[in-house]
Amino acid sequence: MKYSSQSVALPYFIAAIGLFVGQIIFGLAMGLQYVVGDFLFPEIPFNVARMVHTNLLIVWLLFGFMGAAYFLIPEETETELYSPKLALLMFWVFLIAGAATILGYLLVPYSTLAEMTGNNILATMGREFLEQPLLTKIGIVIVALAFLFNISMTMLKGRKTVISIVLLLGLWGLAVFFLFSFYNPGNLVKDKFYWWWVVHLWVEGVWELIMAAMLAFVLIKVTGVDREVIEKWLYVIITLALVTGLIGTGHHYFWIGTPQYWQWWGSIFSALEPIPFFAMTVFAFNMVNRRRREHPNKAAVLWALGTGVMAFLGAGVWGFLHTLAPVNFYTHGSQITAAHGHMAFYGAYVLVVLTIISYAMPLLRGRAANSERSQVCEMWAFWLMTISMVFITLFLTAAGILQVWLQRVSDTPMPFMQVQDQIALFYWMRLWAGVVFSIGLVTYLVSFFVKGESKPLITA
Amino acid sequence: MPVEEHNLLKENMPGPPLAVAAQSLFLVNLMIAPGIAFLILVALWWHYRDSAPLLARNHLRQTVAASLWGGGLLVGVSVVIFLLGGFDNPWSWVVGVIYFVSFHAMMILFGVIGLNRAMLDRPYRFPVIGPKLLD
């Protein structure tokens, strides 16, 4: 660790991992609820478990992004963080607000939570992924503004690099687009239209910039490839991401009541959306293949390569699978969407956060890389989680295809719940793949505590 | 050309443009312009099959062969799945779509490795379906 203020990243990373564990516990519970419908009912009904599962994902990724920025920006700008104290204060604010929100979901009926938190003053709740109470949303904005102030001020006083500028652009975009979560018009078409400005323009827009910047940073560090070479790739990737992703929002506008031209715009631009992810795969492999010597942190290299491949498969290939309007007419909102969602989030964002944690954590703990034994354990975790995620995706895809056929294509279409019975076999298989994923996650946690001779940090 | 001559940490794309073009066309054929890209690839291979430097010739041979075998297996097995299972059978769609998507993605990932090898001035043999490298 070159700058002492980088250490504020540590609690962010620890919180991210802790919330990741929570997300997977609720994922497993839901996996079981798919096949044993009254499991945990009425204590934790499916809709609540799902809300906790997805909200925890968003929150832990945000913790990961913020931790990554606090680690990466001082090194890129070659200066200490503007205010480490503000960063730590915001950590506790965000953690307490996040924990209180999750407890609110679990302990209080959702409607009561809405009443308690001022939803009658400004109604923002009740929408998928944006279920947070108004107070939490305001808290997120305050934390985001303080965070961006801290990062921007650090950048202003230090060196400006392409990586830090792209990262900052992504982070500002994240904050700006979140503001649309406060806009909740009565017209359902308008509501959905702008709802996607948060959801889509995050994950298929500005988050891709954050992801590319984080990946580029780690690749510079673990390969030693010249910054100029990596920056050129970064320019190409973010251009492709923005050109395809922004108008690609149209693939959510096919059936919500918007004009028909969105079927063309959405189909054409979102069909191109795999290209930036493809470029990221080529980028990751290209940089790793260029290195002259092995970096002592082999695990970080593996996570980085995994990010490239899995993001392309999940976001790119599985996204394309159902993105054309004539196909989406049949597949919309089926288990094919769930398959895509799982692999895309895992491949693009879970893996990139775990990549930077893998790279930064040993440095934050005063060593260049963890011991061989610890890294082997970490790499086992990578393979267990990644392979099980591939199977989760395949089983959900199979369930989705069967669902589409039985419910929407067949001459004698079956009702939704009857179809669910027909595809239960795949839900069981998905559940067991989820169990393997959680074993991988436990292995990942264990890797932090495996002892052995670590690579010492060489300081100039 | 020996690999040692290049500084891979600084050069953007040290590999021969013809080899990079071959691997790119292989990928374009799979992803954006199926058929058209393959025809251009075959034309390139036909034109340069004897005259190009060894590395570029290898990449041209590999990509043409991989396109033929890969395309054959992609389309052929899919057709067999539907012919055996029947178009009205949902299980044909389950197996057929998953096979097509997975095999197609696998070919792209092999292509990514091939493209990187070409860009870094290194030879590449596609696993199983690639012909032996020329010496």
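The values are calculated or read from the model by the stated rules, or taken from the named source; none is laboratory data. Keep in mind it's a predicted model, so treat the numbers as computed, not measured. Neighbour counts run over all protein chains shown; Cβ positions are idealised from the backbone, glycine included.
Descriptive notes on the structure:
- Scope segment B:97-116; condition in contact (Cβ under 8 Å) with a residue 12 or more places away in the chain and facing another protein chain (nearest Cβ under 9 Å); matching residues: B:104, B:108, B:112, B:115
- Out of A:441, A:445, sole residue that is surrounded by 16 or more Cβ atoms within 10 Å (Cβ to Cβ) and in contact (Cβ under 8 Å) with a residue 24 or more places away in the chain: A:441
- Any hit, segment B:78-88, residues being polar (S, T, N, Q), over 26 Å from residue A:399 (Cβ atoms), surrounded by fewer than 20 Cβ atoms within 10 Å (Cβ to Cβ) and away from chain A (no Cβ under 13 Å): no
- Evaluation of residue B:121 against the conditions (1) under 16 Å from residue B:20 (Cβ atoms); (2) in contact with a Gly (Cβ under 7 Å, 6 or more places away or on another chain); (3) surrounded by 21 or more Cβ atoms within 10 Å (Cβ to Cβ) shows that the sole unmet condition is (3).
- Matching option when the condition is within 14 Å of chain B (Cβ to nearest Cβ) and in a helix (DSSP H, G or I), among A:209, A:234, A:201, A:215: A:234
- Residue within segment B:2-15 that is in contact with a Gly (Cβ under 8 Å, 6 or more places away or on another chain), within 14 Å of another protein chain (Cβ to nearest Cβ) and assigned to a helix (DSSP H, G or I) present: no
- Selection of segment A:280-296 for residues being among the hydrophobic types (A, V, I, L, M, F, W, C) and more than 10 Å from chain B (Cβ to nearest Cβ) yields only A:280.
- Among the residues of segment A:307-317, those identified as facing another protein chain (nearest Cβ under 9 Å), within 16 Å of the chain's Cα centre (by Cα) and among the hydrophobic types (A, V, I, L, M, F, W, C) are A:309, A:312, A:313.
- Checking every residue in segment B:87-94 against the condition of being within 21 Å of the chain's Cα centre (by Cα) and charged (D, E, K, R) gives zero matches.
- Count of segment B:16-38 residues which are over 17 Å from residue B:117 (Cβ atoms), more than 13 Å from the chain's Cα centre (by Cα) and not in a loop (DSSP other than H, G, I, E, B): 1
- Of residues in segment A:345-374 being touching a strand residue (DSSP E or B) at 6+ places or on another chain (Cβ under 7 Å) and crowded, with 20+ Cβ neighbours inside 10 Å, the one nearest to residue A:65 (Cα to Cα): A:362
- Against the list (1) within 10 Å of the chain's Cα centre (by Cα); (2) among the hydrophobic types (A, V, I, L, M, F, W, C); (3) modelled with pLDDT under 95, the condition residue B:68 fails is (3).
- Filter result (more than 14 Å from every other protein chain (Cβ to nearest Cβ) and either touching a residue at least 40 places away in the same chain (Cβ under 8 Å) or farther than 30 Å from residue A:318 by Cβ (or both)) within segment B:30-45: B:42, B:43, B:44, B:45
- Residues that are more than 25 Å from residue A:418 (Cβ to Cβ) and either away from chain B (no Cβ under 14 Å) or aromatic (Phe, Trp, Tyr) (or both), drawn from segment A:390-403: A:391
- Test for residue A:337: is it out of contact with any strand residue (DSSP E or B) (no Cβ under 6 Å at 6 or more places or on another chain), hydroxyl-bearing (Ser, Thr, Tyr), within 20 Å of residue B:99 (Cα to Cα) and away from chain B (no Cβ under 14 Å): yes
- Some residue of segment B:53-76 being within 14 Å of chain A (Cβ to nearest Cβ), assigned to a helix (DSSP H, G or I), in contact (Cβ under 8 Å) with a residue 40 or more places away in the chain and more than 30 Å from residue A:220 (Cα to Cα): no
- Filter result for the condition that a residue is in contact with a Leu (Cβ under 9 Å, 6 or more places away or on another chain) and over 19 Å from residue A:379 (Cα atoms), over A:311, A:325, A:279, A:284: A:279
- Taking the criterion of being surrounded by fewer than 17 Cβ atoms within 10 Å (Cβ to Cβ) and either of a type in the set (A, V, I, L, M) or not in a helix (DSSP H, G or I) (or both), the residues of segment A:176-185 that qualify are A:176, A:179, A:183, A:185.
- Any hit, segment A:245-260, residues being within 11 Å of chain B (Cβ to nearest Cβ), of a type outside the set (D, E, K, R) and surrounded by 19 or more Cβ atoms within 10 Å (Cβ to Cβ): no
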